[in-house]
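The values are calculated or read from the model by the stated rules, or taken from the named source; none is laboratory data. Quantities reported herein were computed from a predicted structural model and do not represent experimental measurements. Neighbour counts are summed over all protein chains in view; Cβ atoms, including those assigned to glycine, are modelled from backbone coordinates with ideal geometry. Ligands, DNA and RNA are stripped out before the accessible areas are found, and what is left, the full protein with its side chains, is counted by its heavy atoms. Shrake-Rupley method; radii C 1.70, N 1.55, O 1.52, S 1.80 Å.
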Amino acid sequence: MNATRRALLTGLLAAGLVPCAAGPAAAARPRPAASLLGKEIRRLPTSRRVVALTLNAAWNESGLDTVLTELRRRRLPATFFPTGRFARAHPRAVRAMGAEHGLGNHSDTHPYFDRISSAQREREVRRADAAIREAARTEPLPFFRFPFSHTTPETVADVNRFGYAAIEFTVDTNGYLGPGGGMTVERVVGRAVAALAPGALIQMHVGSASDGTVLDAEALPQILDAVRAHGYGVVDLREFLVPEGK
């Protein structure tokens, strides 16, 4: 690498505008399957009786240990979508997520993407990627989840152009609302069960409600029992990646 290219790469990395380091490892980075591009994904493209567990992380880490312990006990995969701001504030939590599960990208500061420019969108994605990478010390997945699940054709096209599939959800369990928002463990479980279908994406959250409750973490064992009782398995989103160059 010549001095000019090295200086340029160093500047881009410092600005958070390069998703991964240059070199052989970068060439091997997997990419989303073609079936995940060109649209927001609300259900995985499969007819198998499987669902995917996904958890956003944007404010605090309450409930995470409970979630990781339950997933580990059952030997089941999940994908976590932290924000860059969360990764900088809670690096150990992100490292614990990434040690056993895939890590997606939930933006850097959680803005409405249709209210910012294309350049600002890219900065949000790249800075989050850099923060997650630094905290986790592992390769994040090329999966992006929009803040507030607010998507437009233009913002999805941008995210695809940045190298990410727009992975949204079939159902949000709404556990993050807490009892103050009318939720209980039973209602959290009920929302997940009602959405069971091949390829369903179940969205939950790491972090407590304003009253300190962690309904999603408390409901997870019952949700997983129900998934199994209805004849479903849990799929790893990494199955929907293809090696670069194929």
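Points to keep in mind about this one:
- Total residues in region 66-97, condition in contact (Cβ under 8 Å) with a residue 24 or more places away in the chain, over 13 Å from ALA131 (Cα atoms) and not basic (Lys, Arg): 12
- Tally of residues being open to solvent by 40 Å² or more (accessible area, probe 1.4 Å), over 19 Å from ARG49 (Cα atoms) and not in a helix (DSSP H, G or I) across region 154-205: 1
- Failed item in (1) charged (D, E, K, R); (2) closer than 17 Å to SER62 by Cβ; (3) open to solvent by 40 Å² or more (accessible area, probe 1.4 Å), with ASP216 passing the rest: (3)
- Count of region 219-246 residues which are open to solvent by 30 Å² or more (accessible area, probe 1.4 Å), in a helix (DSSP H, G or I) and within 21 Å of ARG145 (Cα to Cα): 2
- Entry remark, region 137-153: residues being open to solvent by less than 10 Å² (accessible area, probe 1.4 Å) and in a helix (DSSP H, G or I) number 1 in total.
- Scan of region 35-52 for residues that are open to solvent by less than 10 Å² (accessible area, probe 1.4 Å), farther than 23 Å from ARG228 by Cβ and outside any strand (DSSP E or B), ordered by number: LEU36
- Looking across region 103-129, the residues that are in a helix (DSSP H, G or I) and charged (D, E, K, R) come down to ASP114, ARG115, ARG121, GLU122, ARG123, GLU124, ARG126, ARG127, ASP129.
- Selection of region 103-115 for residues being touching a residue at least 24 places away in the same chain (Cβ under 8 Å) and open to solvent by 20 Å² or more (accessible area, probe 1.4 Å) yields THR109, HIS110, PRO111, TYR112, ASP114.
- Boolean, THR151 is over 20 Å from LEU241 (Cβ atoms) and in contact with a strand residue (DSSP E or B) (Cβ under 6 Å, 6 or more places away or on another chain): yes
- Annotation note: of LEU196, LEU224, the sole residue that is out of contact with any Lys or Arg (no Cβ under 8 Å at 6 or more places or on another chain) and at negative phi is LEU196.
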